[in-house]
């Protein structure tokens, strides 16, 4: 009898620690507050590089939920400003795939994430000019023999969904064949089969690199890019697509691993398995994880009973701590590639990609609420 009572109390305690689901109008109000603040304080006419383009992947989901023409126009203005291109070089002999912020780094994935939003905008108005450059770049890339295009975890979010979207538009199976080929290369250098998580890139693979306490060092935002990227790919892929089950297994494996790393307050620390390496909340990773969990639940790919508490705790952090009174999203780790001990990340720390991730999570929370009725 005593054992049963202990188990019952533990179960009740677990339930009590899970925040209730918000009301739909509350979440829509959060989207409006966050996005209105961002668009009022940030010009649409910015470059098409990853940090800005990642925001637009969230803005498009905010548009789908709200129907706000202001949100749509903001992404349209950005796309037109960039002439529906990423890096703009026209000399294919000079196209580079290494890291670079100039117009000849056409094959570097951070210049290709913009194609996600261009593809989304194309679906609203099927003007071929909107995806002409995306097709030119990706179809040239796929014609090469190289498969090492995604050598860092972020690249899986930058380009995998773009290729899946372009497959849906063109019907060209090479998009899915090459997506899988590139994904296999990424797994060969960054994926930890034991932990079912991704190192940011080969430099951080254990034991060559360790956290301050000698543990494996998985960067939250890096795994956030992958988890969210897999959700986006699964969303685009037909049910009978080749390799879909492989993407699903990776997604579900990450979900189980990330659940164990969540902090009681709902956030994930910058070094997932060593909270003391860089303690305190971080919003971009937490938002990507929350989005991924909600998307998986909404599509019947993650068990609701097991993972809804994880998503709701993440959402509680996002609304109670990350969201500031004026609509700013704080506690976003600045641009980087790892968890850095001693780095200041506070309520004033914000960035395009953090807001984009936040909007993804908020939009998916609305769908979660709708699915719960």
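Applying the condition of being in contact with a helix residue (DSSP H, G or I) (Cβ under 7 Å, 6 or more places away or on another chain) and surrounded by fewer than 20 Cβ atoms within 10 Å (Cβ to Cβ) to region 42-67 and asking which residue is nearest to residue 127 (Cα to Cα) yields 64. Within region 107-122, can one find any residue that is out of contact with any helix residue (DSSP H, G or I) (no Cβ under 8 Å at 6 or more places or on another chain) and either farther than 16 Å from residue 49 by Cα or surrounded by fewer than 23 Cβ atoms within 10 Å (Cβ to Cβ) (or both)? Scanning region 107-122 turns up no residue that is out of contact with any helix residue (DSSP H, G or I) (no Cβ under 8 Å at 6 or more places or on another chain) and either farther than 16 Å from residue 49 by Cα or surrounded by fewer than 23 Cβ atoms within 10 Å (Cβ to Cβ) (or both).
Is region 259-280 home to any residue that is assigned to a helix (DSSP H, G or I) and touching a helix residue (DSSP H, G or I) at 6+ places or on another chain (Cβ under 8 Å)? Looking for residues that are assigned to a helix (DSSP H, G or I) and touching a helix residue (DSSP H, G or I) at 6+ places or on another chain (Cβ under 8 Å), one finds at least one in region 259-280, hence yes. If you go through region 282-301 and keep only what is in a loop (DSSP other than H, G, I, E, B) and surrounded by fewer than 24 Cβ atoms within 10 Å (Cβ to Cβ), you end up with 299, 300, 301. Residue check: is residue 162 in contact with a helix residue (DSSP H, G or I) (Cβ under 6 Å, 6 or more places away or on another chain) and modelled with pLDDT of 95 or more? In short, yes. Pull up region 153-173, narrow it to residues that are more than 19 Å from residue 122 (Cβ to Cβ) and either free of Cβ contacts under 8 Å to residues at least 40 places away in the same chain or assigned to a helix (DSSP H, G or I) (or both), then point me to the one that is farthest from the chain's Cα centre (by Cα). Only one residue fits best here, namely 173.
Table: residues versus (1) part of a loop (DSSP other than H, G, I, E, B); (2) more than 18 Å from the chain's Cα centre (by Cα); (3) surrounded by 23 or more Cβ atoms within 10 Å (Cβ to Cβ).
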| site | (1), (2), (3) |
| --- | --- |
| 332 | yes, no, yes |
| 340 | yes, yes, no |
| 345 | yes, yes, no |
| 353 | no, no, yes |
| 357 | no, no, yes |
| 361 | no, no, yes |
| 367 | no, no, no |
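Taking the listed residues 51, 35, 59, the one that is more than 27 Å from residue 176 (Cα to Cα), in contact (Cβ under 8 Å) with a residue 12 or more places away in the chain and part of a helix (DSSP H, G or I) is 35, with no other qualifying.
The values are calculated or read from the model by the stated rules, or taken from the named source; none is laboratory data. The model shown is predicted, which means the values in this text are computed figures rather than measured ones. Note that we place each Cβ from the backbone using ideal geometry, even for glycine, and neighbour counts take in every protein chain shown.
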